[in-house]
Amino acid sequence: GVAVTVVTLGSVVGSFPRALVGRGLHIDELARRVLVTLFAAAAFQYGFVLGLSVDPSLRDGRWRLALAMIVVAVLAACLDAALAALVRAAQVHRPLRTALADEFRALVGISSAITATGVLIALATPAMGAFALLVFAVPLLMAQFSFRRYATIDATYLQTIQSLAKVTEVGGYTEKGHSTRVARLSVLVARELGLAERDLDDLRYAALMHDIGQLSLSQPIPGGATTFLAYHDQRRIADLGADVIDQAGLDRAALIVRRQADPYRPQRGRLDDGLPLASRIIKVTNAYDDLVGDSIESTRKQHAVERLGLGVDREYDPDVVDVLARIVDRELAPTY
């Protein structure tokens, strides 16, 4: 009961700074943290895990206590990952299997460090008293600081790429907001198709810069719509853009851009097995935005999806078009 109370109060107090900066309170995270703590406390208190005794006064009680703590902590972490995957799958329409894989992959990192530190604090407290918390919490605080620094650097990197992507808009080669809309739709489609979270950054970078090859053109394409060009012109723009991106050290994003113009079926009835899923996604979302632009007309959006559906026999991946259609339908659905 004490552990659950402390975690609940700490989580609520820790949420206030986020609320003050406009990031809001995440009730699902708070509820998940409380449930996981309740599970861990109950499992440890009743000592049912693997039938291990948690009484340190017994013979060999210390190592049994440590082992019981580790087992309970691992089970609690797995429960936390499963609950987080369920919430994420429901929120972003992500396949549960992919969400679970992403969450359990994250357990290998910071969660393992937190688990080990928690066990060490519990074992050292009888001998060190309150100093145990101070000594072992400092490395965790430093790790959190490092993660925040990394997140800041990553956010700055994305902002730099977004700025570079706007060069085509400033130069009049593409419509305003085109690259941002394509990137947003591409990420939504990719998540629903089950693309791993670690691959989304490459997709996002490629989607933002997918038209950068147009800067080599002597005259802008009307409206920047590459969808209506002949295949060899689309491929030339894609190759030029990929060369620029590759020089920036983004080789995976460069490959995605280089293949974005290629048809899903080079020959009728034959699939291109080597065509990356990210390239197929950008091909569809770029064509959709070329047809719709910044229009909010529901009829125009529906007609665009229908037009893409006519090209699934060769140009477009039918799975990608189906997911895009579902996303458009959800966005057009009335809210009450």
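Taking a quarter of the surface of the convex hull around the Cα atoms of the stretch 213-336, what do you get in nm²?
8.8 nm²
Would you mind counting up the charge near K283? Only other residues with Cβ under 10 Å from its Cβ, with Lys and Arg at +1 and Asp and Glu at -1.
Neighbourhood net charge equals -1.
Let's test the formula: R0 of 45 Å, r as the Cβ-Cβ distance of D243 and D329. What FRET efficiency results, to the nearest 0.05?
Approximately 0.75, to the nearest 0.05.
Counting only heavy atoms of the protein chains, get the accessible area per residue of the stretch 162-295 (1.4 Å probe) and round it to a whole Å² value. Please list the in-between numbers first.
On the way: 5950 Å² over 134 residues.
Value returned for the stretch 162-295: 44 Å² of accessible area per residue.
Calculate the spin-label point distance for Y231 paired with L30, positioning each point 7 Å from the Cα along the beta-carbon direction, and give it in nanometres.
Output for this residue pair reads 5.7 nm.
What is the distance in Å between the Cα centroid of the stretch 296-312 and that of the stretch 134-196?
So the separation of the two Cα centres works out to 29 Å.
Can you tally the net charge around D201? Count Lys and Arg as +1, Asp and Glu as -1, for every other residue whose Cβ sits under 11 Å from the Cβ of D201.
-1
How much net charge surrounds V36 when only the other residues with a Cβ under 11 Å from the Cβ of V36 are counted, with Lys and Arg +1 and Asp and Glu -1?
So the environment of V36 carries a net charge of 0.
The values are calculated or read from the model by the stated rules, or taken from the named source; none is laboratory data. Only a predicted model underlies this, so the values are computations on that prediction, with no experimental measurement involved. Cβ atoms come from the backbone with ideal geometry, glycine included; neighbour counts cover every protein chain shown. Accessible surface is based on the protein model in full, side chains and every heavy atom, while ligands, DNA and RNA are left aside. Shrake-Rupley method; radii C 1.70, N 1.55, O 1.52, S 1.80 Å.
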